[in-house]
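Have a look at the structure below, then the notes.
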Ligand code: ADP
Ligand code: MG
């Protein structure tokens, strides 16, 4: 190893600092190590080369042969962001004390790797999107088989939330379900038990690749029940996990335990390292270590299991297609403008006030509730805030003073809080008191009130002491002091007044000496070399009193000192350092006492977040005239005057509201569950079906909805098959994706689901597409004999033939169409006007040629298309003589019913067959009955494929 360098003591890799570096590097071989030296974080060797290439740092050399690259310490966050983005794991080797505080010759600066930054463990403000979750997951499978059930643990490292989610194995698709769970929760990194060969197994790859997540293999033992249980008990200081609802062999324990071990390994110092650090500090005569060395996971809350069936499930593809948090075409960083979420987080006036509220709203939209009590509770709160606008406005003002309590307390626990963070937290809690006072009298807000009333009193003492003692605008770092006011701490005051009042003290001391000894020429002064002195002109030197001891003789003056002055000098020179050190002590104590009360802080924070989210819903309802939907158990969907929440805002009065009525009616139990929506391109079919899905989603969030009236039955899942252009990057054909998604729907939809299908079958030839669309619609309507579950389904299609399903399955399928007006009516060259109004019944025209003309297809091409269309129409309409109007209908009468279909394939191909040829050749008139019988037998053999006898 050391061969490259010169022999002996001058080997540059053998210096104490480099030895320390290589020791850390060995402990974190998979990380880039940022090693703090003075004002820089340095990297060496391969790290330096790789990083300088990846993020554009200048590569230098420490000494001959050791490549080096460094970043200034105050730019750490900037570079961390780039490094993590470039896929590096980063270990940070910190100095445990300020190097300036180490007396010369006292040896090497004590250092330790205080944290490892990975994609899932980022907690720095600059590296996190304040409005989006950022989480770490661990996955554990209950068996080796492909369909073994899995359990996930997901931790939000910055904010402290910790959850367990069971993913059942039944019906296959475990990986897909896991992907759906991870997608909505902002997971960036997935831990898994390292298999013996160390490679990520296929089932892990299936989870990681769709979301582009990084996977981190962890020692398998950390996922073992015993060890995992131990890790959790130790972290939460309990003997048993039953208090958290975890049975002794709960499948949630292995992944949760693995997460705790990973976090304490990457975010905190081991006990051993802490002892080591303390020892080296003691040897240096230093007090406490730097804040980062005190990191704990105190903010991590005990894991909570998501009850199965508590949420309305929306798979990742549907979240995308419905543009819940992001629009389909927007670039990734466009901030989700135009998404459903942006209505509550981005807009004017109706946006959530806090980052916590925005994250909660996002969570609610990705995972709406399926619990009627919870939904109605939120609705009641929203209703109160809609009705009492004065209250709403005051609450909004108070909430504006609340900062990110969750992430601030996370940073405190992890030893990374700044003085500004601590003051922000204290001020947020104060704003919380104002909120509490406001909601006191509102019964619908009792949940929030109770949680605030429970938590805030326990925080009052801490909050007030910070408010009292911190200056108005504390510095961003505890390094240089300037955090505390005067009058807070006697020792600090003394240090400061010594610095500040040195001049006054000297003047006073001089006056005192002059008066006492009657020496008008006496002066007290200071110089850099000799320090403080008392000076007498030579003429008066002989009268110098005994208490002055001589220090220096000048040409015409004598200089003296006194024990008082020496003491003063000693104090002043160390005062500044002591003031800084004292402030640091006080600050660390304030952080420590905060860390001791993090549980009530978290409770207050989450109550404030909830109120903020509810208020944003209420503001939107108030501003846009949304109504409270009636959420019921029955699988119905009745909307009157419903609007698309996003387009309604963009188009205003130009948006045409529409109605829908699905599911059993109260008085007779009848009512179709499948609506087939036809209409020309651009009529508004896609808009309508999306809008229905979004309103259903909003109703489950507890939000009001853009409609005049809405009754929404509880829904277990929203399935969509929308859009023909996604997932191309995954290397699958559009049609294949369409069929995969549709297969998933047919397998998993239940009577409580909502299914939204847009133009199924468009990705293949007309006949294929129509046949598939027909069979799929038939299946979703309950099957030919009504033998399947029939979810509420909206089926938008340009295959007009499907409208015949209504008469085949009366009461199960209902036809809707989007109205257009032709002008002048009946004229083949008519203009069409889109009315965007959904009406009962079917359209039988597609107006494709009209749309082509609107889109600017050259007139000649449009005219030729009309000719072609007319000739095609003749072939299809001669039989029933439906008139000369161009029609593109296929004869639906030729589609067999489902019973016939089981014997004859749909649209059987007219393949030639030898039996047919033989049949044509038979000369019946020339045959005896016996010959005819033989011919018949030959034909049968031919049909069955056995070679006829005698041939
Ligand atoms: P289709 O799916 O039938 O081809 P779209 O749903 O894509 O039609 O709608 C086409 C356009 O018509 C949309 O971009 C939208 O601007 C407008 N539109 C749709 N529905 C409405 C409506 N209810 N009110 C007003 N404009 C609408
Ligand atoms: Mg469409």
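In the set 638, 628, 623, 643, only one residue is within 14 Å of residue 396 (Cβ to Cβ) and over 24 Å from the mean Cα position of the chain (by Cα); that residue is 623.
Can you tell me which of (1) modelled with pLDDT under 95; (2) more than 23 Å from residue 313 (Cβ to Cβ); (3) crowded, with 22+ Cβ neighbours inside 10 Å is the one residue 404 doesn't meet? Of everything listed in (1) modelled with pLDDT under 95; (2) more than 23 Å from residue 313 (Cβ to Cβ); (3) crowded, with 22+ Cβ neighbours inside 10 Å, residue 404 misses just condition (1). Determine whether residue 687 is near ligand 1 (Cβ under 8 Å from one of its atoms) and closer than 25 Å to residue 622 by Cα. Yes; evaluated as a whole, the condition is true for this residue. Evaluated against (1) over 30 Å from residue 470 (Cα atoms); (2) surrounded by fewer than 12 Cβ atoms within 10 Å (Cβ to Cβ), residue 503 falls short on exactly one condition, (1). Among the residues of the stretch 249-283, just one is touching a helix residue (DSSP H, G or I) at 6+ places or on another chain (Cβ under 8 Å) and at pLDDT below 80, namely 277.
Here residue 535 does not fit the description of being surrounded by fewer than 17 Cβ atoms within 10 Å (Cβ to Cβ) and over 60 Å from the mean Cα position of the chain (by Cα). Can you find, within the stretch 427-449, the residue that is farthest from residue 585 (Cα to Cα) among those that are surrounded by fewer than 23 Cβ atoms within 10 Å (Cβ to Cβ) and within 27 Å of the chain's Cα centre (by Cα)? Per the criteria, the residue is 447.
When the helices (runs of 4 or more DSSP H) confined to the stretch 202-306 are screened for residues that are more than 28 Å from residue 86 (Cα to Cα), those reaching at least 3 such residues are found at 225-236, 253-267, 271-283. Being farther than 17 Å from residue 716 by Cα and either within 16 Å of ligand 2 (Cβ to nearest atom) or touching a strand residue (DSSP E or B) at 6+ places or on another chain (Cβ under 7 Å) (or both) holds for only one residue in 648, 619, 661, 668, and it is 661.
The residues of the stretch 752-771 that are in contact with a helix residue (DSSP H, G or I) (Cβ under 8 Å, 6 or more places away or on another chain), more than 16 Å from ligand 2 (Cβ to nearest atom) and over 19 Å from residue 672 (Cβ atoms), listed by number, are 764, 770. The set of residues in the stretch 32-63 that are under 15 Å from residue 94 (Cα atoms) and either surrounded by 12 or more Cβ atoms within 10 Å (Cβ to Cβ) or more than 36 Å from the chain's Cα centre (by Cα) (or both) comprises 32, 33, 34, 35, 36, 37, 38, 40, 41, 42, 43. Within the stretch 154-183, the set of residues being part of a loop (DSSP other than H, G, I, E, B) and farther than 18 Å from residue 359 by Cβ comprises 168, 169, 170, 171, 172, 173. Within the stretch 772-785, if we keep just the residues that are touching a residue at least 40 places away in the same chain (Cβ under 8 Å) and either more than 20 Å from residue 671 (Cα to Cα) or surrounded by fewer than 23 Cβ atoms within 10 Å (Cβ to Cβ) (or both), the residue that is nearest to ligand 2 (Cβ to nearest atom) turns out to be 777. Among the conditions (1) within 16 Å of ligand 2 (Cβ to nearest atom); (2) within 22 Å of residue 716 (Cα to Cα), residue 642 misses just one, which is (1). You will find that of 414, 385, the residue that is farther than 22 Å from residue 463 by Cβ and touching a residue at least 40 places away in the same chain (Cβ under 8 Å) is 385 and no other. Among the residues that make up the stretch 730-743, is at least one of them within 16 Å of ligand 1 (Cβ to nearest atom), surrounded by fewer than 22 Cβ atoms within 10 Å (Cβ to Cβ), modelled with pLDDT under 95 and under 19 Å from residue 318 (Cβ atoms)? No, every residue in the stretch 730-743 fails to be within 16 Å of ligand 1 (Cβ to nearest atom), surrounded by fewer than 22 Cβ atoms within 10 Å (Cβ to Cβ), modelled with pLDDT under 95 and under 19 Å from residue 318 (Cβ atoms). Which count do you get for residues in the stretch 479-493 that are surrounded by fewer than 19 Cβ atoms within 10 Å (Cβ to Cβ) and at pLDDT 85 or above? Looking only at that region, the number is 9.
Per this entry, residue 707 is not counted among residues that are within 16 Å of ligand 2 (Cβ to nearest atom), surrounded by 24 or more Cβ atoms within 10 Å (Cβ to Cβ) and under 24 Å from residue 314 (Cα atoms). For the stretch 786-796, filtered to residues that are assigned to a loop (DSSP other than H, G, I, E, B) and buried (at least 24 other Cβ atoms within 10 Å of the Cβ), the residue that is farthest from ligand 1 (Cβ to nearest atom) is 790. Residues in the stretch 378-396 that are more than 25 Å from the chain's Cα centre (by Cα) and either under 21 Å from residue 603 (Cα atoms) or at pLDDT below 95 (or both): 381, 395. Residue 464 - would you say it is without any contact (Cβ under 8 Å) to a residue 40 or more places away in the chain, under 17 Å from residue 589 (Cβ atoms) and outside any loop (DSSP other than H, G, I, E, B)? Against the criterion (without any contact (Cβ under 8 Å) to a residue 40 or more places away in the chain, under 17 Å from residue 589 (Cβ atoms) and outside any loop (DSSP other than H, G, I, E, B)), residue 464 qualifies.
The values are calculated or read from the model by the stated rules, or taken from the named source; none is laboratory data. Bear in mind the structure is a predicted one, so any value in this text is a computation, not a measurement. Virtual Cβ from ideal backbone geometry, glycine too; neighbours counted across all protein chains shown.
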